[in-house]
2 protein chains.
Amino acid sequence: MLSAACKESIRAMIYIAHAGGDKKIIPVKEVAEKLETSFYFLAKNVQKLVKAGLLFSYKGPKGGVKLAKSPEEIKLIDIVEAIDGLEFFETCLLGFKECSDEHPCAIHHKWADKRKAIYKLFSETSLKDVVEDMEKNCLQIIF
Amino acid sequence: MLSAACKESIRAMIYIAHAGGDKKIIPVKEVAEKLETSFYFLAKNVQKLVKAGLLFSYKGPKGGVKLAKSPEEIKLIDIVEAIDGLEFFETCLLGFKECSDEHPCAIHHKWADKRKAIYKLFSETSLKDVVEDMEKNCLQIIF
DNA sequence: TATATTTAAGATTAAGGAGTCTTAATTCTT
DNA sequence: AAGAATTAAGACTCCTTAATCTTAAATATA
Ligand code: SF4
Ligand code: SF4
């Protein structure tokens, strides 16, 4: 459902929120090392997050990125939208061309319910929620 | 969430169930024409459905495919499993490596709920359900 | 039996996304 | 001012999946 780039971006945002919040500047290189991933690939996705207004970036020595808003203002859906887009929440499950709410198939309404529930979950869950929870429960696993 | 091949396979199964059920043999060529899709691509996926035991196939003139079971016995999840596999229902949403039910992150349990609900929907919805509903509501759109 | 029709299977090509690299721009430090 | 560090941007390669083609196998029909 979420692309590899999107999952990694979420993990990156979690790390940035954890390590720097919207105060401290964190170099992308540090994030890549902590997440044990490719700097190049991560940097590409971070650029998108900057363009989407979720991160501020700073060049030069002591440069890096930090959250553009407070952790509770950044919802998971914002990251998903920036990297993967919202197509998942908008397209027909079965791929018919001209179906719509007016001509629903057997699965349409039920599927729409599930999709909405997921959208709601992503819209209601903030970086703060995730970070706080992970700091309690499973931080050592990731960082 | 579902690959293009999977969506098309579901549409194909709907057509086969509608036009032939588990009685009449339908040529794949006819299915491709009705769905306005590539015969080659569809034939590839149909092969998987045959191997998965969802379709019987018959070579030669008057050959084609028909459902291997009654429409109510074939669930959408069977088609998804045959084409895309069940990875979607088994993997971590955020892509962490070593997380588990024992070390759940903030979103784990909520996400697991949503995923289970979708799995349930796919497991409970049979081809018969979809076909009957579409025959009532929006058949003209597809066939 | 010969021919036409249809699926099976594998090879091939095309497209898109994942992942990497190179160069440019910016800015801190000396 | 010079050099080092860091992100920005675009080009590039690689891999997976989508899509197509070719040949083989099976079978109905004449
Ligand atoms: S009614 Fe069914 S086929 Fe039509 S758009 Fe909704 S899910 Fe898709
Ligand atoms: S706890 Fe969170 S990070 Fe861990 S497997 Fe579940 S969803 Fe993924």
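Short-range pairs are left out: with C-alpha atoms under 8 Å and at least six residues apart, the relative contact order of chain A is 30 percent. Rounded to the nearest 10 degrees, the inclination of helix A:4-19 to the longest alpha-carbon principal axis of chain A is 40 degrees. Chain B comes nearest to the axis taking it onto chain A at the Cβ of one residue; that residue and its distance, in whole Å, are B:M1, 2.
Loop-located GluC sites (Glu not before Pro) in the range A:47-91 (DSSP state other than H, G, I, E, B) with a sparse environment of at most 15 neighbouring Cβ atoms within 10 Å: A:E72, A:E73, A:E90. Between copies, the label points at B:V50 (set 7 angstrom from Cα along Cα-to-Cβ) are spaced 5.4 nm, reported in nanometres from shortest to longest. In the protein assembly as shown, the inverse of the mean reciprocal separation of distinct Cα atoms equals 21.1 Å; this is its Kirkwood hydrodynamic radius. In this simple spin-label model, placing a label point 7 Å from the Cα along the Cα-to-Cβ direction at both A:E124 and A:E87 gives a separation of 2.8 nm. Seen from every direction in turn and averaged, the convex hull around the alpha carbons of chain B projects onto 9.9 nm².
Read-outs: derived from the displayed coordinates by stated rules, not from any lab. Bear in mind the structure is a predicted one, so any value in this text is a computation, not a measurement. FYI the Cβ positions are ideal-geometry reconstructions off the backbone, even for glycines, and counts take in every protein chain you see.
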